[in-house]
């Protein structure tokens, strides 16, 4: 049961189709598990339909409908079959694992600190500027205290962590910015794995942490 | 109480468009005319129903494309959307979404897809648009609910005309012009907080924000 949800403004931008792919992925993964937000997005999609209807309309070419019918007719039976065939179901349970072609626990993690491993997956999101990172905090492990230079949007994929703002469990959605300093601690049980989108590198607040900070090169 | 009155009102209105010869007038009565047409396309590949949908939604989608800055590709988008409607119509389930909502999400996804293709610098597509933005009702795990969903569209439509112009303007820019709340604020020369409060006031009135929302 998720406790922390994306705010309504973010859901609206998602429904309008205005979020970049990494943010849309975070929202989509949350929606897969959260009936509360799904219901809001359904209503927001209806708002989109009503907005489209309430705006002016633009004349289409007289022959366009005939051209569409022409395309439907020329699409061969095999083309249509491809589209109606059930999608190939893979073993992976969600869009992220299908992108990674891996279970999130079997990734080639890079250990940064005793308890912290990371994997940068920005390359899976070409043509956009944000950094996309998976982070793993060993069950019961601690991360270093850090603050953020920009905005960090995080979705908990597995396990749970706690910080001064509360406890964040699986599929919880968290947004932090440069006013937030936190020192996350993973709860016992599962390793805590998160997906984060970072608008700017985060910075550590302690001394000699610059070298260890996975996001400062 | 207001909700009950609205339901009554809708059902009375709907009866006039349902086809009494089909028998189950109550079930049919919940469908709006566009959803009935879309179902005819899905079940019978009915081209006259398809044409009616095109005549109604085609010009809306073209304006949507133009407002979103797809000027030279506006007609292409309309075509892509309608071909997609034809291909997917057999999966349409009126209990899961009103036709206009379903068609809006197809138009949105085709727009995103077109922009992604234009922006693409590499050939790779690590993720399909529809992995990220779903068409309502295409998740087979989703239980069939839905009076709630159908009512929500009517509620939104009925309430929208009572919203002040400044709230509608902000929402229209988000939905029709591919703008984030921040870019709406920049364009109108007002603080981000003002944009957010207009959206929030509007959504409260439209009851988009559910009562138990923590957001």
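Quick rundown of the values:
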item	result
Residue in segment A:16-32 that is at pLDDT 90 or above, touching a strand residue (DSSP E or B) at 6+ places or on another chain (Cβ under 6 Å) and more than 18 Å from residue B:132 (Cα to Cα) present	no
Pairs where the first residue, in segment B:176-200, is farther than 17 Å from residue B:67 by Cβ and the second is assigned to a loop (DSSP other than H, G, I, E, B), C-beta under 7 Å, 6+ apart	B:185/B:191
In segment A:102-151, the residues that are assigned to a loop (DSSP other than H, G, I, E, B) and either closer than 19 Å to residue A:19 by Cβ or within 14 Å of another protein chain (Cβ to nearest Cβ) (or both)	A:102, A:121, A:125, A:126, A:127, A:128, A:129, A:130, A:150, A:151
Residue in segment B:57-80 that is more than 9 Å from chain A (Cβ to nearest Cβ), within 19 Å of the chain's Cα centre (by Cα) and modelled with pLDDT of 95 or more present	yes
Search result, residues across segment A:46-64 that are surrounded by fewer than 16 Cβ atoms within 10 Å (Cβ to Cβ) and either more than 19 Å from residue A:16 (Cβ to Cβ) or more than 7 Å from chain B (Cβ to nearest Cβ) (or both)	A:59, A:61, A:62, A:63
Qualifying positions in segment A:181-200 - in a loop (DSSP other than H, G, I, E, B), under 20 Å from the mean Cα position of the chain (by Cα) and more than 12 Å from residue A:137 (Cα to Cα)	A:199, A:200
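The values are calculated or read from the model by the stated rules, or taken from the named source; none is laboratory data. Since the structure is predicted, the reported quantities are computational estimates derived from the model, not experimental observations. Reconstructed Cβ throughout: ideal geometry from the backbone, glycine too, with neighbour counts over all protein chains shown.
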